[in-house]
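Only the coordinates and a few stated rules stand behind these numbers; no lab work does. Remember, predicted model here, so these are calculated numbers, not experimental data. Cβ: placed from backbone, ideal geometry, glycine included. Neighbour counts: every protein chain shown.
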Amino acid sequence: MAVQATLHCLTGCAIGEVLGMVIGTALGWGNLPTTILAIVLAFFFGYSLTLRGVLKAGLGLRDAVKVALAADTLSIAVMELVDNGVIILWPGAMDAELGDLLFWGALAISLVIAFFATTPVNKWMIGRGKGHAVVHQYHH
């Protein structure tokens, strides 16, 4: 269940992270605004995937938002901290352009590392009846 929850988190984070990095880089933004956009979009898409599922299960919007926030906030935060930390520490990754292999390679590897760092967090939360353990009851 922890791996499935982390894959779910990774999907939303990857969509937002890649989109934010592509938009910021394409627009010639600096590192800080590009990173902020990527993080905001990662949270948006991460929460959106959970919201879609629990709304589809029949939960009202207010309760669905509460479930998504409770289920995903720590997972997304850890994933984003690790993912962006790897990119920031990777020599040259912050200055790579969209056409550079370094841009895509660092982004892909940072997401893989973030997946492995976040899985134990999700396992810990699920073991305590929190995180995706709460969402799981709405899956059909």
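Note on Leu98 and Ile113: the model spin-label points, each 7 Å out from Cα along the C-beta direction, lie 2.5 nm apart.
With axes computed from alpha carbons, what is the tilt in degrees of helix 61-89 against the longest principal axis of the chain, rounded to the nearest 10 within 0 to 90? Its long axis makes an angle of about 30 degrees. Remark: spin-label model distance Thr11-Leu69 equals 2.4 nm, labels positioned 7 Å along the Cα→Cβ axis. Take the Cα of Ser48, step 7 Å toward its Cβ, do the same at Arg128, and the gap between the two points is 3.0 nm.
Computed from the alpha carbon atoms alone, the convex hull of the chain holds 98 Å³ per residue. Calculated on the alpha-carbon coordinates, the convex hull of region 45-126 measures out at 103 cubic angstrom per residue.
Length available on full extension from Arg62 to Leu89: 0.36 nm per residue minus the Cα-Cα distance, which gives 5.8 nm.
Taking the mean number of other Cβ atoms within 10 Å as a proxy for protection, how do you rank 48-54, 8-14, 62-68 from highest to lowest?
8-14, 48-54, 62-68
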